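Since the structure comes first, as C-alpha coordinates, the remarks are kept for the end.
The values are calculated or read from the model by the stated rules, or taken from the named source; none is laboratory data. The shown structure was predicted, so the numbers you read here are calculated from the model rather than taken from an experiment. All Cβ positions, glycine included, derive from the backbone under ideal geometry; neighbour counts span all protein chains shown. Each accessible area value is taken on the protein alone, full model and side chains, heavy atoms only, with ligands, DNA and RNA left out. Shrake-Rupley method; radii C 1.70, N 1.55, O 1.52, S 1.80 Å.
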Amino acid sequence: MDQVEETGTGRAELRARPLPRQAGAWRGPGRWCVGAWVGEVRAGVIVALFSVPEGMAYAALGGFDPAAGLYAGALPAVVGALLCRSVLMVTTLTSAIALTSQEVLAEAHLNPADGANVAALALLVGVAMAVFALLRLGSALRLVCGGATAAFAVGIAVQIVAGALTDATGYRAGHHNQLLRIAAWAAHPHAWSSAASWTAAATVTVWLSAHRRHHTRPHAVLIALVVGSAGVRAWSAPVPLAASLGALPSGLPQLSLPAWGVLAQLVPGACAVALVALAQAAGISGEPGGGEHRAGSTRDVLAQAAANMAGAFFQAMPVGGSLSRTGVAVAAGARTRWAAVASGVALAALVASCGRTVALIPLPVIGALLVVVGVKLALARLPELRAAWRRGAYERVATVLTFLAATEFPLQYVLLLGAAVSAIPWLVVQLRRCRSPQAARP
(Lines give C-alpha, C1' and ligand atoms only; values in the text may rest on other atoms or scores of the structure.)
Protein backbone atom coordinates (compact mmCIF):
# COMPACT_ATOMS: atom_id res chain seq x y z
CA MET A 1 0.00 0.00 0.00
CA ASP A 2 1.72 3.05 -0.21
CA GLN A 3 0.02 11.34 1.02
CA VAL A 4 -7.74 15.10 -1.42
CA GLU A 5 -10.00 17.56 -2.00
CA GLU A 6 -13.05 15.88 -3.54
CA THR A 7 -13.66 18.36 -6.32
CA GLY A 8 -10.48 20.41 -6.48
CA THR A 9 -7.77 20.25 -9.12
CA GLY A 10 -4.12 21.19 -9.32
CA ARG A 11 -2.29 22.16 -6.20
CA ALA A 12 -5.59 22.78 -4.42
CA GLU A 13 -5.94 19.01 -4.17
CA LEU A 14 -4.12 18.86 -0.86
CA ARG A 15 -5.04 22.37 0.19
CA ALA A 16 -7.13 23.06 3.24
CA ARG A 17 -10.50 24.20 2.02
CA PRO A 18 -11.56 27.65 3.33
CA LEU A 19 -14.23 27.36 5.98
CA PRO A 20 -17.69 28.73 5.14
CA ARG A 21 -18.79 32.05 6.56
CA GLN A 22 -20.63 30.32 9.36
CA ALA A 23 -17.35 28.71 10.38
CA GLY A 24 -16.71 31.72 12.56
CA ALA A 25 -18.50 29.62 15.14
CA TRP A 26 -15.21 27.80 15.58
CA ARG A 27 -14.33 30.59 17.98
CA GLY A 28 -17.47 30.24 20.03
CA PRO A 29 -20.39 27.94 20.89
CA GLY A 30 -22.96 26.99 18.31
CA ARG A 31 -24.11 24.39 15.85
CA TRP A 32 -21.42 25.17 13.24
CA CYS A 33 -18.66 24.78 15.84
CA VAL A 34 -19.91 21.33 16.84
CA GLY A 35 -20.35 20.33 13.20
CA ALA A 36 -16.85 21.43 12.31
CA TRP A 37 -15.30 19.48 15.17
CA VAL A 38 -17.35 16.40 14.28
CA GLY A 39 -16.03 16.63 10.72
CA GLU A 40 -12.42 16.77 11.90
CA VAL A 41 -12.89 13.84 14.27
CA ARG A 42 -14.61 11.84 11.53
CA ALA A 43 -11.70 12.44 9.16
CA GLY A 44 -9.26 11.46 11.91
CA VAL A 45 -11.08 8.20 12.60
CA ILE A 46 -11.00 7.30 8.90
CA VAL A 47 -7.24 7.94 8.78
CA ALA A 48 -6.83 5.80 11.91
CA LEU A 49 -8.76 2.93 10.29
CA PHE A 50 -6.51 3.17 7.25
CA SER A 51 -3.45 3.29 9.47
CA VAL A 52 -4.07 -0.10 11.05
CA PRO A 53 -3.51 -2.33 8.00
CA GLU A 54 -1.24 0.17 6.24
CA GLY A 55 1.06 0.70 9.21
CA MET A 56 1.27 -3.02 9.94
CA ALA A 57 1.95 -3.83 6.29
CA TYR A 58 4.75 -1.27 6.02
CA ALA A 59 6.40 -2.55 9.19
CA ALA A 60 6.12 -6.17 8.09
CA LEU A 61 7.51 -5.18 4.68
CA GLY A 62 10.76 -4.10 6.33
CA GLY A 63 10.97 -6.99 8.79
CA PHE A 64 9.91 -4.85 11.78
CA ASP A 65 7.44 -5.68 14.51
CA PRO A 66 3.96 -4.76 13.11
CA ALA A 67 3.19 -3.02 16.40
CA ALA A 68 5.96 -0.50 15.67
CA GLY A 69 4.19 0.43 12.45
CA LEU A 70 0.94 1.00 14.33
CA TYR A 71 2.55 3.10 17.05
CA ALA A 72 4.14 5.28 14.35
CA GLY A 73 0.65 6.60 13.59
CA ALA A 74 -0.22 7.48 17.19
CA LEU A 75 2.01 9.84 19.20
CA PRO A 76 4.16 10.96 16.21
CA ALA A 77 1.01 11.95 14.30
CA VAL A 78 -0.20 14.07 17.22
CA VAL A 79 3.16 15.78 17.77
CA GLY A 80 3.67 16.43 14.07
CA ALA A 81 0.17 17.85 13.61
CA LEU A 82 0.45 20.21 16.59
CA LEU A 83 3.81 21.64 15.51
CA CYS A 84 3.76 21.70 11.69
CA ARG A 85 2.81 24.66 9.55
CA SER A 86 1.19 22.49 6.85
CA VAL A 87 -2.07 22.00 8.70
CA LEU A 88 -3.21 18.98 6.69
CA MET A 89 0.01 16.95 6.80
CA VAL A 90 -0.24 13.58 8.56
CA THR A 91 3.12 12.52 10.01
CA THR A 92 3.46 8.76 10.15
CA LEU A 93 5.24 5.73 8.68
CA THR A 94 5.45 5.29 4.89
CA SER A 95 6.61 2.35 2.79
CA ALA A 96 9.66 4.27 1.55
CA ILE A 97 10.72 5.06 5.13
CA ALA A 98 10.20 1.43 6.18
CA LEU A 99 12.28 0.06 3.31
CA THR A 100 15.05 2.62 3.78
CA SER A 101 15.13 1.89 7.52
CA GLN A 102 15.45 -1.82 6.77
CA GLU A 103 18.42 -1.19 4.46
CA VAL A 104 20.09 1.04 7.06
CA LEU A 105 19.78 -1.54 9.86
CA ALA A 106 20.88 -4.35 7.54
CA GLU A 107 24.04 -2.44 6.56
CA ALA A 108 24.76 -1.92 10.27
CA HIS A 109 24.13 -5.65 10.94
CA LEU A 110 21.35 -4.82 13.40
CA ASN A 111 18.10 -6.74 13.93
CA PRO A 112 15.06 -4.67 12.79
CA ALA A 113 12.80 -6.66 15.14
CA ASP A 114 14.75 -5.34 18.15
CA GLY A 115 12.83 -2.36 19.50
CA ALA A 116 15.97 -0.75 20.95
CA ASN A 117 17.60 -0.62 17.51
CA VAL A 118 14.46 0.88 15.98
CA ALA A 119 14.28 3.46 18.76
CA ALA A 120 17.91 4.43 18.17
CA LEU A 121 17.28 4.90 14.46
CA ALA A 122 14.11 6.96 15.02
CA LEU A 123 15.91 9.19 17.51
CA LEU A 124 18.78 9.82 15.09
CA VAL A 125 16.37 10.51 12.24
CA GLY A 126 14.80 13.20 14.40
CA VAL A 127 18.21 14.68 15.19
CA ALA A 128 19.18 14.61 11.49
CA MET A 129 15.95 16.43 10.57
CA ALA A 130 16.64 19.07 13.20
CA VAL A 131 20.12 19.63 11.75
CA PHE A 132 18.65 19.82 8.23
CA ALA A 133 16.21 22.45 9.50
CA LEU A 134 19.06 24.53 10.90
CA LEU A 135 20.80 24.24 7.52
CA ARG A 136 17.60 25.44 5.81
CA LEU A 137 17.30 22.27 3.77
CA GLY A 138 13.53 22.67 3.70
CA SER A 139 13.90 26.00 1.91
CA ALA A 140 16.27 24.37 -0.57
CA LEU A 141 13.58 21.82 -1.45
CA ARG A 142 11.36 24.64 -2.69
CA LEU A 143 14.02 25.70 -5.21
CA VAL A 144 13.28 22.60 -7.29
CA CYS A 145 11.55 23.66 -10.51
CA GLY A 146 7.78 23.33 -10.77
CA GLY A 147 7.86 20.55 -13.34
CA ALA A 148 10.25 18.42 -11.27
CA THR A 149 8.19 19.01 -8.12
CA ALA A 150 4.96 17.97 -9.83
CA ALA A 151 6.65 14.93 -11.38
CA PHE A 152 8.03 13.94 -8.00
CA ALA A 153 4.54 14.05 -6.47
CA VAL A 154 3.10 12.03 -9.37
CA GLY A 155 5.89 9.48 -8.91
CA ILE A 156 4.89 9.06 -5.26
CA ALA A 157 1.25 8.69 -6.33
CA VAL A 158 2.33 5.93 -8.74
CA GLN A 159 4.09 4.21 -5.83
CA ILE A 160 0.88 4.40 -3.79
CA VAL A 161 -1.15 2.85 -6.61
CA ALA A 162 1.44 0.15 -7.36
CA GLY A 163 1.57 -0.90 -3.72
CA ALA A 164 -2.19 -0.80 -3.23
CA LEU A 165 -2.93 -2.98 -6.27
CA THR A 166 -1.39 -5.95 -4.47
CA ASP A 167 -3.92 -5.68 -1.65
CA ALA A 168 -6.78 -4.79 -4.00
CA THR A 169 -6.38 -7.80 -6.29
CA GLY A 170 -4.02 -10.21 -4.58
CA TYR A 171 -1.48 -10.09 -7.42
CA ARG A 172 2.10 -9.35 -6.43
CA ALA A 173 4.45 -8.30 -9.23
CA GLY A 174 8.13 -9.09 -8.88
CA HIS A 175 9.42 -5.89 -10.49
CA HIS A 176 11.22 -3.20 -8.54
CA ASN A 177 10.21 -0.41 -10.93
CA GLN A 178 6.76 0.92 -10.05
CA LEU A 179 5.65 1.39 -13.66
CA LEU A 180 6.68 -2.16 -14.53
CA ARG A 181 4.77 -3.43 -11.50
CA ILE A 182 1.59 -1.74 -12.72
CA ALA A 183 2.19 -3.00 -16.27
CA ALA A 184 2.70 -6.56 -15.01
CA TRP A 185 -0.48 -6.31 -12.95
CA ALA A 186 -2.47 -5.14 -15.98
CA ALA A 187 -1.00 -7.90 -18.16
CA HIS A 188 -1.96 -10.74 -15.80
CA PRO A 189 -5.67 -10.38 -14.91
CA HIS A 190 -5.95 -14.16 -14.79
CA ALA A 191 -3.61 -14.13 -11.76
CA TRP A 192 -5.82 -11.78 -9.76
CA SER A 193 -7.74 -13.16 -6.83
CA SER A 194 -11.40 -13.13 -7.86
CA ALA A 195 -12.67 -12.57 -4.32
CA ALA A 196 -10.24 -9.72 -3.66
CA SER A 197 -10.86 -8.14 -7.07
CA TRP A 198 -14.64 -8.23 -6.71
CA THR A 199 -14.36 -6.78 -3.22
CA ALA A 200 -12.12 -3.96 -4.48
CA ALA A 201 -14.43 -3.27 -7.43
CA ALA A 202 -17.47 -3.14 -5.17
CA THR A 203 -15.66 -0.78 -2.79
CA VAL A 204 -14.78 1.61 -5.63
CA THR A 205 -18.37 1.45 -6.90
CA VAL A 206 -19.72 2.38 -3.49
CA TRP A 207 -17.22 5.21 -3.25
CA LEU A 208 -18.21 6.54 -6.68
CA SER A 209 -21.89 6.38 -5.80
CA ALA A 210 -21.36 8.29 -2.56
CA HIS A 211 -18.95 10.73 -4.19
CA ARG A 212 -21.47 11.73 -6.87
CA ARG A 213 -24.04 12.87 -4.33
CA HIS A 214 -23.42 16.23 -2.75
CA HIS A 215 -24.73 15.33 0.71
CA THR A 216 -22.71 12.10 0.96
CA ARG A 217 -19.53 13.34 -0.74
CA PRO A 218 -17.70 14.29 2.49
CA HIS A 219 -18.43 10.81 3.84
CA ALA A 220 -17.64 8.85 0.67
CA VAL A 221 -14.46 7.22 2.01
CA LEU A 222 -16.07 6.22 5.31
CA ILE A 223 -19.15 4.86 3.55
CA ALA A 224 -17.05 2.76 1.18
CA LEU A 225 -14.90 1.50 4.05
CA VAL A 226 -17.89 0.46 6.19
CA VAL A 227 -19.98 -0.99 3.35
CA GLY A 228 -17.03 -2.89 1.87
CA SER A 229 -16.04 -4.36 5.24
CA ALA A 230 -19.65 -5.26 6.07
CA GLY A 231 -20.10 -6.91 2.68
CA VAL A 232 -17.04 -9.11 3.15
CA ARG A 233 -18.31 -10.09 6.57
CA ALA A 234 -21.85 -10.82 5.37
CA TRP A 235 -20.82 -12.98 2.42
CA SER A 236 -17.80 -14.54 4.16
CA ALA A 237 -15.61 -13.59 1.19
CA PRO A 238 -12.23 -15.38 1.34
CA VAL A 239 -10.06 -12.26 1.38
CA PRO A 240 -7.14 -11.35 3.68
CA LEU A 241 -7.90 -9.19 6.68
CA ALA A 242 -5.73 -6.80 8.67
CA ALA A 243 -5.20 -9.59 11.20
CA SER A 244 -3.20 -11.52 8.59
CA LEU A 245 -0.40 -8.96 8.85
CA GLY A 246 0.43 -9.89 12.42
CA ALA A 247 -0.90 -9.76 15.95
CA LEU A 248 -2.29 -6.42 17.06
CA PRO A 249 -0.87 -5.06 20.31
CA SER A 250 -3.23 -5.22 23.27
CA GLY A 251 -2.54 -1.81 24.75
CA LEU A 252 -0.80 1.53 24.48
CA PRO A 253 2.95 1.63 23.76
CA GLN A 254 5.27 1.38 26.74
CA LEU A 255 8.25 3.62 27.34
CA SER A 256 11.26 2.30 25.38
CA LEU A 257 14.92 3.31 25.39
CA PRO A 258 17.25 3.38 22.38
CA ALA A 259 20.29 1.14 22.14
CA TRP A 260 22.81 3.86 22.94
CA GLY A 261 25.78 1.79 21.84
CA VAL A 262 24.69 1.65 18.18
CA LEU A 263 24.02 5.36 17.65
CA ALA A 264 27.41 6.11 16.08
CA GLN A 265 27.12 3.47 13.38
CA LEU A 266 23.58 4.57 12.46
CA VAL A 267 24.36 8.25 11.81
CA PRO A 268 24.87 8.03 8.00
CA GLY A 269 21.83 5.79 7.58
CA ALA A 270 19.66 8.06 9.72
CA CYS A 271 20.51 10.97 7.41
CA ALA A 272 19.35 8.87 4.43
CA VAL A 273 16.06 8.01 6.15
CA ALA A 274 15.55 11.68 7.05
CA LEU A 275 16.07 12.70 3.42
CA VAL A 276 13.52 10.12 2.25
CA ALA A 277 10.97 11.38 4.76
CA LEU A 278 11.52 15.04 3.87
CA ALA A 279 11.41 14.24 0.16
CA GLN A 280 7.99 12.65 0.54
CA ALA A 281 6.71 15.48 2.72
CA ALA A 282 7.84 17.99 0.07
CA GLY A 283 5.04 16.69 -2.17
CA ILE A 284 2.39 17.78 0.34
CA SER A 285 0.88 21.26 0.21
CA GLY A 286 -1.97 22.86 2.01
CA GLU A 287 -2.82 25.98 3.93
CA PRO A 288 -6.16 27.21 5.21
CA GLY A 289 -7.85 30.03 3.51
CA GLY A 290 -6.92 29.02 0.02
CA GLY A 291 -3.25 29.88 0.31
CA GLU A 292 -0.46 27.71 -1.03
CA HIS A 293 2.24 26.27 1.17
CA ARG A 294 4.50 23.34 0.47
CA ALA A 295 5.60 21.13 3.35
CA GLY A 296 9.26 22.01 3.20
CA SER A 297 9.46 24.96 5.59
CA THR A 298 11.82 24.94 8.56
CA ARG A 299 8.86 24.63 10.90
CA ASP A 300 7.56 21.55 9.07
CA VAL A 301 10.99 19.91 9.17
CA LEU A 302 11.29 20.63 12.89
CA ALA A 303 7.80 19.23 13.45
CA GLN A 304 8.78 15.96 11.79
CA ALA A 305 12.00 15.94 13.83
CA ALA A 306 10.03 16.31 17.06
CA ALA A 307 7.62 13.56 15.97
CA ASN A 308 10.53 11.16 15.44
CA MET A 309 12.16 12.02 18.74
CA ALA A 310 8.91 11.54 20.64
CA GLY A 311 8.05 8.30 18.85
CA ALA A 312 11.53 6.88 19.51
CA PHE A 313 10.70 6.55 23.20
CA PHE A 314 7.31 4.92 22.59
CA GLN A 315 8.14 1.99 20.29
CA ALA A 316 7.46 3.85 17.02
CA MET A 317 9.34 3.51 13.76
CA PRO A 318 10.81 6.56 11.97
CA VAL A 319 8.12 8.78 10.45
CA GLY A 320 7.62 11.61 7.99
CA GLY A 321 4.89 13.42 6.08
CA SER A 322 2.69 10.80 4.39
CA LEU A 323 1.17 11.73 1.04
CA SER A 324 -1.24 8.77 1.09
CA ARG A 325 -2.51 9.30 4.65
CA THR A 326 -2.79 13.07 4.04
CA GLY A 327 -4.78 12.34 0.88
CA VAL A 328 -7.12 10.06 2.84
CA ALA A 329 -7.63 12.78 5.47
CA VAL A 330 -8.54 15.44 2.91
CA ALA A 331 -10.77 13.00 1.01
CA ALA A 332 -12.60 12.43 4.29
CA GLY A 333 -13.19 16.18 4.74
CA ALA A 334 -10.24 17.33 6.86
CA ARG A 335 -9.84 21.10 7.07
CA THR A 336 -7.46 21.70 9.95
CA ARG A 337 -4.57 20.13 11.85
CA TRP A 338 -7.06 18.68 14.35
CA ALA A 339 -7.95 15.89 11.91
CA ALA A 340 -4.36 14.59 12.11
CA VAL A 341 -4.41 14.99 15.90
CA ALA A 342 -7.67 13.05 16.03
CA SER A 343 -6.16 10.32 13.84
CA GLY A 344 -3.34 9.72 16.33
CA VAL A 345 -5.69 9.69 19.32
CA ALA A 346 -8.21 7.46 17.51
CA LEU A 347 -5.50 5.00 16.45
CA ALA A 348 -4.24 4.70 20.02
CA ALA A 349 -7.80 4.13 21.22
CA LEU A 350 -8.49 1.55 18.51
CA VAL A 351 -5.33 -0.37 19.28
CA ALA A 352 -5.97 -0.29 23.02
CA SER A 353 -9.67 -1.19 23.03
CA CYS A 354 -10.90 -2.43 19.64
CA GLY A 355 -8.01 -4.47 18.31
CA ARG A 356 -10.11 -7.50 17.39
CA THR A 357 -12.70 -5.43 15.53
CA VAL A 358 -10.13 -3.40 13.64
CA ALA A 359 -8.33 -6.59 12.65
CA LEU A 360 -11.40 -7.53 10.58
CA ILE A 361 -10.86 -4.71 8.04
CA PRO A 362 -10.38 -6.41 4.64
CA LEU A 363 -7.14 -5.55 2.86
CA PRO A 364 -8.83 -5.35 -0.59
CA VAL A 365 -11.09 -2.58 0.74
CA ILE A 366 -8.10 -0.59 1.97
CA GLY A 367 -6.20 -1.29 -1.25
CA ALA A 368 -9.10 -0.13 -3.43
CA LEU A 369 -9.49 3.14 -1.56
CA LEU A 370 -5.75 3.79 -1.65
CA VAL A 371 -5.84 3.29 -5.43
CA VAL A 372 -8.56 5.94 -5.56
CA VAL A 373 -6.44 8.28 -3.44
CA GLY A 374 -3.34 7.70 -5.56
CA VAL A 375 -5.17 8.30 -8.85
CA LYS A 376 -6.73 11.50 -7.52
CA LEU A 377 -3.35 12.75 -6.30
CA ALA A 378 -1.82 12.11 -9.73
CA LEU A 379 -4.71 13.75 -11.60
CA ALA A 380 -4.46 16.77 -9.31
CA ARG A 381 -0.96 17.48 -10.63
CA LEU A 382 -1.92 17.42 -14.30
CA PRO A 383 -2.39 21.23 -14.54
CA GLU A 384 1.13 21.72 -13.15
CA LEU A 385 2.56 19.17 -15.55
CA ARG A 386 0.85 20.86 -18.51
CA ALA A 387 2.15 24.25 -17.40
CA ALA A 388 5.68 22.84 -17.05
CA TRP A 389 5.43 21.28 -20.51
CA ARG A 390 4.59 24.67 -22.02
CA ARG A 391 7.59 26.36 -20.40
CA GLY A 392 10.07 24.80 -22.81
CA ALA A 393 12.30 21.86 -23.60
CA TYR A 394 14.41 22.19 -20.46
CA GLU A 395 11.40 21.96 -18.16
CA ARG A 396 10.10 18.97 -20.12
CA VAL A 397 13.36 17.10 -19.70
CA ALA A 398 13.47 17.88 -15.96
CA THR A 399 9.87 16.72 -15.55
CA VAL A 400 10.34 13.43 -17.39
CA LEU A 401 13.66 12.63 -15.71
CA THR A 402 12.28 13.30 -12.24
CA PHE A 403 9.19 11.19 -12.83
CA LEU A 404 11.11 8.22 -14.19
CA ALA A 405 13.61 8.46 -11.34
CA ALA A 406 10.79 8.57 -8.75
CA THR A 407 9.47 5.24 -10.03
CA GLU A 408 12.87 3.52 -9.94
CA PHE A 409 15.32 5.01 -7.43
CA PRO A 410 15.24 5.77 -3.68
CA LEU A 411 13.47 9.05 -3.08
CA GLN A 412 16.44 10.81 -1.49
CA TYR A 413 18.36 10.41 -4.74
CA VAL A 414 15.37 11.57 -6.76
CA LEU A 415 15.24 14.72 -4.67
CA LEU A 416 18.93 15.40 -5.26
CA LEU A 417 18.42 14.80 -8.98
CA GLY A 418 15.56 17.28 -9.08
CA ALA A 419 17.60 19.88 -7.21
CA ALA A 420 20.60 19.36 -9.50
CA VAL A 421 18.53 19.65 -12.67
CA SER A 422 16.76 22.74 -11.33
CA ALA A 423 20.11 24.38 -10.60
CA ILE A 424 21.37 24.10 -14.18
CA PRO A 425 19.68 27.28 -15.52
CA TRP A 426 20.99 29.27 -12.56
CA LEU A 427 24.51 27.96 -13.15
CA VAL A 428 24.28 28.83 -16.85
CA VAL A 429 23.26 32.40 -16.01
CA GLN A 430 26.10 32.74 -13.52
CA LEU A 431 28.64 31.45 -16.05
CA ARG A 432 27.43 33.91 -18.64
CA ARG A 433 27.73 36.76 -16.16
CA CYS A 434 31.27 35.72 -15.28
CA ARG A 435 32.25 35.69 -18.94
CA SER A 436 30.51 38.94 -19.77
CA PRO A 437 30.51 41.19 -16.68
CA GLN A 438 29.23 44.12 -18.68
CA ALA A 439 26.20 42.18 -19.82
CA ALA A 440 25.09 41.61 -16.27
CA ARG A 441 24.82 45.37 -15.59
CA PRO A 442 21.46 47.09 -16.13
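In sequence order, segment 111-124 has phi-based couplings of 7, x, 7, 7, x, 5, 5, 5, 5, 4, 5, 4, 4, 5 Hz under the Karplus curve 6.51 cos²θ - 1.76 cosθ + 1.60, θ = phi - 60°, and Gly or Pro positions carry x.
With a 1.4 Å probe rolled over the protein heavy atoms of all chains, the accessible area of Val131, Val204 falls in the order Val131, Val204, largest first. The residues of the chain have, on average, 42 Å² of accessible surface per residue, using a 1.4 Å probe with all protein chains present. With only Cα atoms counted, the chain has Rg and Dmax values of 21.4, 79 Å. Can you give me the solvent accessible area of Trp192 with a 1.4 Å probe, rounded to the nearest 10 Å²? In the full protein context, Trp192 sits at about 70 Å². Derived scalar couplings between HN and Hα for segment 383-394 equal x, 5, 5, 5, 5, 5, 5, 7, 7, x, 5, 4 Hz in order, rounded to whole Hz, by the Karplus curve 6.51 cos²θ - 1.76 cosθ + 1.60 (θ = phi - 60°), x for Gly and Pro. Applied to segment 127-136, the Karplus parametrisation 6.51 cos²θ - 1.76 cosθ + 1.60 on θ = phi - 60° returns per-residue 3J(HN,Hα) values of 5, 4, 5, 5, 5, 4, 5, 5, 7, 6 Hz, with x for Gly and Pro.
Using the beta-carbon distance between Ala387 and Ala349 and R0 = 35 Å, what value does 1/(1 + (r/R0)^6) give for FRET efficiency, to the nearest 0.05? About 0.20, to the nearest 0.05. A 1.4 Å probe over all protein chains sorts Asp65, Asp300 by accessible area into Asp65, Asp300, starting with the largest.
Adding -39500 (n - 2.57) for every DSSP H run of four residues or longer, then dividing by how many residues the chain holds, sets the calculated 222 nm ellipticity at -21000 deg cm²/dmol. One decimal place: the segment His176-Arg433 gains 88.1 nm when fully extended, by the rule 0.36 nm per residue minus the C-alpha distance. Among Cys271, Cys145, Cys434, the sequence by solvent-accessible area, most first, with a 1.4 Å probe is Cys434, Cys271, Cys145. Between Val375 and Ser209, full extension at 0.36 nm per residue minus the direct alpha carbon distance yields a gain of 58.0 nm.
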